[in-house]
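Peer 1: One structure follows; several queries about it will come next.
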Amino acid sequence: MIESTNEENVTIQNIYRQLGISDQVYGFSQEILAQLRPRFDEIDKNAEYNQLKVLKAMQDNKVSEACLLGTTGYGYNDLGRETLEAVYASVFHTEDALVRPQITCGTHALALALISNLRPGDELLSPVGKPYDTLEEVIGIRPSKGSLAEYGISYRQVDLLANGDFDYNGIRAAVGEKTRLVTIQRSKGYQTRPTLSVKRIGELISFIKSINPDIICMVDNCYGEFVERIEPTDVGADMVVGSLIKNPGGGLAPIGGYIAGKKECVENAAYRLTSPGLGKEVGASLGILRDFYQGLFLAPTVTAGALKGAIFAANIYEKLGFQVVPNGTESRHDIIQAVTFGTAEGVIAFCKGIQAAAPIDSFVAPEPWDMPGYDAPVIMAAGAFVSGSSIELSADGPMKPPYAVYFQGGLTFDHARFGIMKTLQSVVDAGIVKI
Ligand SMILES: *Cc1c(COP(=O)(O)O)cnc(C)c1O
């Protein structure tokens, strides 16, 4: 008699075989996974904490069945929208929040937060190096219509030191009379620098406030939500900004962005999003609120699954000798995993593996192409229920040195794990590594 556990194992390996995973790749993956159990337990504990935090915010704000319905037209007195914004404010421990389907993406949310809180003659400072690629046009680092630069808002940047520390002397020298707003990107984005922990963000904010307490500290929170138990607004940030097709949408939000923070910051953003005088009072939610609520409710566990996937990927590729950021053992502050292949072929093979693992469009092969907002061709792999959603299993990388691929997401850990196994299979099949 075969023991039932063995029988189960054989069956699982079999289904992997049917999905194109060789026994070699399966075995290699199992070995890596076996070592990761204690870390996964830690992640589950954070998810438990954050699940209860979200639940409490929903209960405290008396989310009712009526909140799940939507409004049309102007959207006056939209109970569900107003309650959802109160729930976000509770989750982030802020005075107010703006959570809207009319905010089309993360870049839009960030652009909105910036342009509504800055005035001509003000200066924006990034003390953590170059911001996310799409913000270059928002700021006017690369000239663009409607940029902050066109409105007479200047920009300064202080890079991180070579060891990843903040350049406190440089920052002190860069803060001047005109400095009105500081933007801090939590996640590494398309860079290989480390992601900032919430604690470090807090230290940076304290330093900036010690120079001038009136400076608005904004955090680009994309990919960071629910990875830790605290958020940047718990350590002094005046505003956090993010996308609903990343962590806080839980994979269910089909569009949207949020800005949570000080009442005045959120009010400024609302007056800019809709119109001076109208602000938060308008903006019909149509039929979207159920997905926003349900997505937020699921976000802590979805984020945890994505985080486990990222750690699994780090450990696989680190073992194979590639540079991975974060590395296999360090603590995590966002869901992105960077793997530096050093060659276009490596990045492409990885992305093909992710695509082949998708529930949607698994039969197509991704190719690098020019995308608006990016300065080099980008290859993107995703077969998502929500187009472009990067809380779903996805990978992308710009076709430029150091040829790093950025991997993130997975609505369930089981899917993330399979996706990574597919990348390994693809990289092995392309002859890029031997296992
Ligand atoms: C994704 C992301 C953005 C931009 O969001 P989009 O929804 O792609 O416009 C900005 N900053 C960071 C750190 C991001 O990860």
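Peer 1: Please determine, by comparing only the residues of region 184-208 that are over 16 Å from the mean Cα position of the chain (by Cα) and not hydrophobic (A, V, I, L, M, F, W, C), which one is most open to solvent (accessible area, probe 1.4 Å).
Peer 2: Ranking the qualifying residues of region 184-208, first place goes to Lys199.
Peer 1: Testing Met380 on (1) within 16 Å of the ligand (Cβ to nearest atom); (2) touching a Lys or Arg at 6+ places or on another chain (Cβ under 6 Å), one condition comes back false. Which one is that?
Peer 2: (2)
Peer 1: So the check is Cβ under 8 Å with 6+ separation or different chains; which pairs have a first residue in region 221-234 that's within 13 Å of Gln51 (Cα to Cα) and a second one that's modelled with pLDDT of 95 or more and open to solvent by 20 Å² or more (accessible area, probe 1.4 Å)?
Peer 2: From region 221-234, the pairs are Glu225/Lys246; Phe226/Asn46; Val227/Asn46; Glu228/Asn46; Arg229/Asn46; Arg229/Tyr49; Arg229/Lys53.
Peer 1: Ser394: under 16 Å from the mean Cα position of the chain (by Cα), open to solvent by 60 Å² or more (accessible area, probe 1.4 Å) and not β-branched (Val, Ile, Thr), yes or no?
Peer 2: No.
Peer 1: Can you name every residue in region 49-81 that is of a type outside the set (A, V, I, L, M), touching a residue at least 12 places away in the same chain (Cβ under 8 Å) and not in a loop (DSSP other than H, G, I, E, B)?
Peer 2: Within region 49-81, Tyr49, Asn50, Gln51, Lys53, Lys56, Asp60, Cys67, Gly80, Arg81 qualify.
Peer 1: Output the number of residues of region 90-128 satisfying the condition of being within 16 Å of the ligand (Cβ to nearest atom) and either part of a helix (DSSP H, G or I) or touching a residue at least 60 places away in the same chain (Cβ under 8 Å) (or both).
Peer 2: Going through region 90-128 one residue at a time, the tally reaches 20.
Peer 1: I would also like to ask the following. Within region 240-249, is even one residue at negative phi, out of contact with any Ser or Thr (no Cβ under 9 Å at 6 or more places or on another chain) and surrounded by fewer than 24 Cβ atoms within 10 Å (Cβ to Cβ)?
Peer 2: no
Peer 1: So in region 189-224, with the set limited to residues that are in contact with a strand residue (DSSP E or B) (Cβ under 8 Å, 6 or more places away or on another chain) and among the aromatic types (Phe, Trp, Tyr), which one is farthest from Asp334 (Cα to Cα)?
Peer 2: Tyr190
Peer 1: Considering only region 278-294, state which residues are without any contact (Cβ under 8 Å) to a residue 40 or more places away in the chain and open to solvent by less than 10 Å² (accessible area, probe 1.4 Å).
Peer 2: Gly279
Peer 1: Any residue in region 342-370 that's more than 11 Å from Met380 (Cβ to Cβ): show its pairings with residues that are open to solvent by 60 Å² or more (accessible area, probe 1.4 Å) and in a helix (DSSP H, G or I) at Cβ separation under 6 Å, as long as the two are six or more apart or on different chains.
Peer 2: That search, which allows pairs on different chains as well, returns Ala365/Lys352.
Peer 1: Please state which one of Thr94, Thr83 is of a type in the set (Val, Ile, Thr), over 24 Å from Phe207 (Cβ atoms) and touching a Ser or Thr at 6+ places or on another chain (Cβ under 9 Å).
Peer 2: Thr83
Peer 1: If I filter region 322-351 down to residues being open to solvent by less than 30 Å² (accessible area, probe 1.4 Å), assigned to a loop (DSSP other than H, G, I, E, B) and not aromatic (Phe, Trp, Tyr), which single residue comes out as farthest from the ligand (Cβ to nearest atom)?
Peer 2: Only one residue tops the list, namely Gly328.
Every residue, every condition in (1) open to solvent by 50 Å² or more (accessible area, probe 1.4 Å); (2) within 19 Å of Lys280 (Cα to Cα), yes or no:
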{"site": "Asp41", "(1), (2)": "yes, no"}
{"site": "Tyr49", "(1), (2)": "yes, no"}
{"site": "Glu65", "(1), (2)": "yes, no"}
{"site": "Gly80", "(1), (2)": "no, yes"}
{"site": "Thr107", "(1), (2)": "no, no"}
{"site": "Leu112", "(1), (2)": "no, yes"}
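Peer 1: Identify, please: which residue in region 129-164 is open to solvent by less than 20 Å² (accessible area, probe 1.4 Å) and away from the ligand (no atom under 16 Å from the Cβ) and is, among those, nearest to Tyr223 (Cα to Cα)?
Peer 2: Gly164
Peer 1: What single numbered condition from (1) at pLDDT below 95; (2) closer than 20 Å to Leu320 by Cβ fails to hold for Ala376?
Peer 2: (2)
Peer 1: Considering each residue of region 293-321, count those that are of a type in the set (Phe, Trp, Tyr) and assigned to a loop (DSSP other than H, G, I, E, B), and give that number.
Peer 2: Looking only at that region, the number is 0.
Peer 1: Please pick out the residue among Glu177, Glu203 that is more than 16 Å from the ligand (Cβ to nearest atom), in a helix (DSSP H, G or I) and acidic (Asp, Glu).
Peer 2: Glu203
Peer 1: Does region 295-321 hold any residues that are touching a strand residue (DSSP E or B) at 6+ places or on another chain (Cβ under 6 Å) and crowded, with 22+ Cβ neighbours inside 10 Å, and which are they?
Peer 2: Hits for region 295-321 are Ala310, Ala313, Ala314, Tyr317.
Peer 1: Looking at this structure, is Ser275 more than 30 Å from Leu33 (Cα to Cα) and without any contact (Cβ under 8 Å) to a residue 24 or more places away in the chain?
Peer 2: Answer is yes for this residue.
Peer 1: Among the candidates Gly129, Gly73, Gly152, which residue alone is more than 23 Å from Thr233 (Cα to Cα) and out of contact with any Pro (no Cβ under 9 Å at 6 or more places or on another chain)?
Peer 2: Gly73
The values are calculated or read from the model by the stated rules, or taken from the named source; none is laboratory data. Just so you know, these numbers come straight off a predicted model, no measurement behind them. Please note: Cβ atoms are built from the backbone with ideal geometry, for glycine as well, and neighbour counts cover all protein chains shown. Heavy atoms of the whole protein, side chains included, go into the accessibility calculation; ligands, DNA and RNA do not. Shrake-Rupley method; radii C 1.70, N 1.55, O 1.52, S 1.80 Å.
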